[in-house]
């Protein structure tokens, strides 16, 4: 009996614990997947995969997860990450054709290479340590050289220029990082269904990496529960944005290419991921509103939306949403099965043209000057056509202004002269007080920290172009500091241009179900755009020279030390005596040599004393003969002993 | 004779003012003729561009030393800084700065002239005492002050560093001021110049020894033995009384060392350095104070952090040397400056001004960040000793060497940095050549001076023999 009780007790405890866990977490972990497809005006198609994984606040300290990746929750708990975003990007976002003023572009247009920023929930003094540990952990997790961001020369602590105001924010980027499938695989591992099922099954590597642009992003934020004793919840958002060129057979150049999922990715969606709470496919068509009829209530009108004279969709959308600039078709893929796979297609019938909404100013950045000594960086902001229509203009002192934040990191070997900052508005130089509202500079320290420049410009609304230029000197590095391909040059990370008074959001006319993708689109996001990465060639020393340089320089020192000491040490009496003794034993050739050296030394030769006693010379010769005999004897002895053995 | 004496200063003033006019013409060209960015002219320590950056940072309420840009004195920053941002309408920017440097150059030249006149007087006096002047009337004493001043004013190195807006004219002015103060026995002035020079560029700290010797023993003179010799010869010739014997025994003892003046000098050095430090601390008290200043100025000089090319040999050496040995070589190279101090003092203690020249030349060879401004200073100090060094060897060879280096250096730099057809070894080879020429120059000057002393001894002994 006792033994029975004893065996039951642990079970009871376990059960009560499980019950407590079940009740403690009010909501379960959720996973949802979505795919947004969007034809782009330049005959390309954008595919945006969006996966969201929510771990609700729990008191189990995240040890037990059903769907949520354990690696991420451990990361969050260990380094106390409040918010973090990591992106791997290849290719450049084309702001002109792909849009610059919608939530999609402001969130997913990322700089080339790796970009990482994180906000920590630790005391200020530990932020840098946490950052370093985090970079190492992420480096292992994603098979990328994120650990290079550990060094203080490669990251910065933006104060306000980045858009997130926090003193515990760290930002770093690696423009040179090559992004490939080895980074995608660990990223996919975090999904509950990996790429085996559901929407992620579309990610056929060759088709994904064939695109013009792909950016995989991982954004996580912790949600404070506000309850005592309860940990914080984590929201993990994983997106993959790909811009693909559909294969087209039509010869008409102004005709948009027709495409389907299978033609884009070479695969079809066969059912959703069973673990996902929702899995939807969205198709966004821009510039399709206005001339269309207002009422969508009738079935015919709704039908007209997806099958009309311009285009038709291969599947009937489950819902159609209207937002300010276009239409959004929603498809539910739960209904698809093996026999009836989901293969959405868009077939254009008539040539159609539209334009994307663009950011108020289009930014580009370039280098000026030639040579390897110095140069200048210029950032050019050009007004776009759509600038007049945009909201978010401000009136200050009766003037209409556009605010633009510029955030730029300079590696230390780009030695920036901040006093040479020049601002030109419409080709006229302006003083700082006119257009520069705020500026924050943290200069770089050689080999210790990178420099950072944050600027807030306040430009008049009617501005056509604004240019900022700043001069720099190129640094000279130690040979060990050059990368293996030193002559390729060094990359300056992208500058970030953001417009603090402009926010992009999609406002849907009807209230929507809780689709994570759409709710994230609905949130107001800061309009931001990254500039190009700049390649700065630096001078290289001769890498094969260290030994030569060391020996030659040391020779110079020896020359200095030796000759100066020689001059100081020499006394005239000694010299005469030396010359006399030299003259005694010199023959004809030796005399000539002596004369030559004296000439080289620049000293008048002391005439050798005329009287050279024969006795002395004979004595010298006997000495010489004695020496020769001695050496010969030694040689003979050596020979004898060595041959003996 | 008197007419000629009048004519000479007149000619000097014409040439001096011509050099000033030449400078004014050069600085009125826009963009400083691109000289301010030449690595030969502006080093990380003397570049006006870096000074302007430091001033900007300070105006933006940041430490002027933030950002590894400025490594100079905070006092220079508060004097020259405002001038870098102000510009007269319609004139090239930095004109005011250039004017300051021109004034500094003129002052240095005038002070050099003062030093030279003193040295010339001393030379004449000594020659008369030793009895050379009476015997060889044909040997004219050259006006070394005028020559040195003109060499300083017309030296292309000086002109280039003045027009190229490097702060070395001011550093040179401080050094010359210290020497002038010592030569004219104005102790506070000497102490001020010495403290300022050391504060601005650290290496003139070695000048403490020559200045103390000048103040203690007096100006350059032939070795004391010679005087004793001639005196004794004369004494023997005139009479052999007990009084003179007593006097002779007194003379064999060393020249009196003026401890009081030296103590005075040291006191003033202490006072001035306290004053300078307080001023620096006041101007930097929000940005890390004196510790930061020493780390960013002297620390920067001693640890050779900046590897940008200059006409020295250190930049390439420390760009190439293995990190493991870096500290070792740093110590060895810096100690080399100090190693030679003692042997030179022992051998040249009767010629303290010449000793100062040798020290300056050595420090300009072994400097972390040398520029042509340093060469300009020691070349014009060399000209102070034209009387003594007139028999110097290899002078034509050295002249050609300096000329060739200053012509080749821009070419090599252009080939390497701008055209990309050459590599770093081209420019480094040039720097090595320059170092060699400088070394030969110093060694030959020292040897010529020693030979001059030998010749004096020989001729005085001959004299004595002839007289006896």
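The values are calculated or read from the model by the stated rules, or taken from the named source; none is laboratory data. All figures in this text were calculated on a predicted structure; none of them were measured in a lab. We place every Cβ from the backbone using ideal geometry, glycine too, and count neighbours over all the protein chains shown.
Worth a mention:
- Test: residue in segment B:340-347 that is over 15 Å from the mean Cα position of the chain (by Cα), within 15 Å of residue B:204 (Cα to Cα) and at pLDDT below 90: yes
- Residue A:477 within 14 Å of another protein chain (Cβ to nearest Cβ) and part of a strand (DSSP E or B): no
- Count - residues of segment B:182-197 that are part of a helix (DSSP H, G or I) and in contact (Cβ under 8 Å) with a residue 24 or more places away in the chain: 11
- Flag if residue A:317 is more than 20 Å from residue A:44 (Cα to Cα) and either out of contact with any strand residue (DSSP E or B) (no Cβ under 9 Å at 6 or more places or on another chain) or free of Cβ contacts under 8 Å to residues at least 40 places away in the same chain (or both): yes
- From the list B:302, B:284, B:330, B:279, the one residue that fits, being surrounded by fewer than 22 Cβ atoms within 10 Å (Cβ to Cβ), over 18 Å from the mean Cα position of the chain (by Cα) and modelled with pLDDT under 90, is B:284.
- Some residue of segment A:421-430 being free of Cβ contacts under 8 Å to residues at least 12 places away in the same chain and in contact with a strand residue (DSSP E or B) (Cβ under 7 Å, 6 or more places away or on another chain): yes
- With respect to the conditions (1) modelled with pLDDT of 90 or more; (2) within 12 Å of chain B (Cβ to nearest Cβ), residue A:467 falls short on a single one, namely (2).
- Of the residues B:400, B:436, the single one that is modelled with pLDDT of 90 or more, surrounded by fewer than 17 Cβ atoms within 10 Å (Cβ to Cβ) and over 28 Å from residue B:118 (Cα atoms) is B:400.
- Applying the criterion of being assigned to a helix (DSSP H, G or I) and more than 7 Å from chain A (Cβ to nearest Cβ) to the residues of segment B:417-427, the residue that is modelled with the lowest pLDDT is B:419.
- Filtered residues of segment A:187-212 (kept if surrounded by 15 or more Cβ atoms within 10 Å (Cβ to Cβ) and over 15 Å from residue A:49 (Cα atoms)): A:212
- First in segment B:330-354 and facing chain A (nearest Cβ under 8 Å), second anywhere and outside any helix (DSSP H, G or I), Cβ under 6 Å, 6 or more apart: B:336/B:366
- Exactly one residue out of B:368, B:375 is more than 10 Å from every other protein chain (Cβ to nearest Cβ), more than 29 Å from residue B:222 (Cβ to Cβ), surrounded by 23 or more Cβ atoms within 10 Å (Cβ to Cβ) and out of contact with any strand residue (DSSP E or B) (no Cβ under 9 Å at 6 or more places or on another chain), and it is B:368.
- Residue satisfying condition, being more than 14 Å from chain B (Cβ to nearest Cβ), within 21 Å of the chain's Cα centre (by Cα) and over 26 Å from residue A:372 (Cβ atoms), within set A:498, A:505: A:498
- Across segment A:92-124, the number of residues qualifying as at pLDDT 90 or above and at positive phi comes to 1.
- Restricting segment A:447-464 to residues that are outside any strand (DSSP E or B) and crowded, with 20+ Cβ neighbours inside 10 Å, the residue that is farthest from the other protein chains (Cβ to nearest Cβ) is A:463.
- Those residues of segment B:17-41 which are modelled with pLDDT under 80 and buried (at least 18 other Cβ atoms within 10 Å of the Cβ), in sequence order: B:32
- Counted residues, segment B:336-346 - those being crowded, with 20+ Cβ neighbours inside 10 Å and assigned to a helix (DSSP H, G or I): 1
- Within segment A:122-151, tally of residues that are buried (at least 17 other Cβ atoms within 10 Å of the Cβ) and outside any helix (DSSP H, G or I): 1
- Residue pairs meeting the criteria (Cβ under 7 Å; at least 6 apart or on separate chains; first free of Cβ contacts under 8 Å to residues at least 24 places away in the same chain and at the interface with chain B (Cβ under 7 Å from one of its Cβ atoms), in segment A:434-446; second part of a loop (DSSP other than H, G, I, E, B) and surrounded by fewer than 16 Cβ atoms within 10 Å (Cβ to Cβ)): A:441/B:60
- Residue B:396 without any contact (Cβ under 8 Å) to a residue 40 or more places away in the chain and away from chain A (no Cβ under 12 Å): yes
- Here residue B:446 clears all of (1) more than 7 Å from chain A (Cβ to nearest Cβ); (2) in contact with a helix residue (DSSP H, G or I) (Cβ under 6 Å, 6 or more places away or on another chain); (3) assigned to a helix (DSSP H, G or I) except the condition numbered (1).
- Of all residues in segment B:302-311, at least one satisfies being more than 14 Å from every other protein chain (Cβ to nearest Cβ) and in contact with a helix residue (DSSP H, G or I) (Cβ under 7 Å, 6 or more places away or on another chain).
- Residues of segment B:387-399 that turn out to be in a helix (DSSP H, G or I) and touching a helix residue (DSSP H, G or I) at 6+ places or on another chain (Cβ under 9 Å), as a count: 6
- Condition check for residue A:415: surrounded by 15 or more Cβ atoms within 10 Å (Cβ to Cβ) and within 12 Å of chain B (Cβ to nearest Cβ): yes
- Among strands (runs of 3 or more DSSP E) entirely within segment A:496-586, having at least 1 residues that are at pLDDT 90 or above and over 30 Å from residue A:48 (Cβ atoms) singles out A:534-536.
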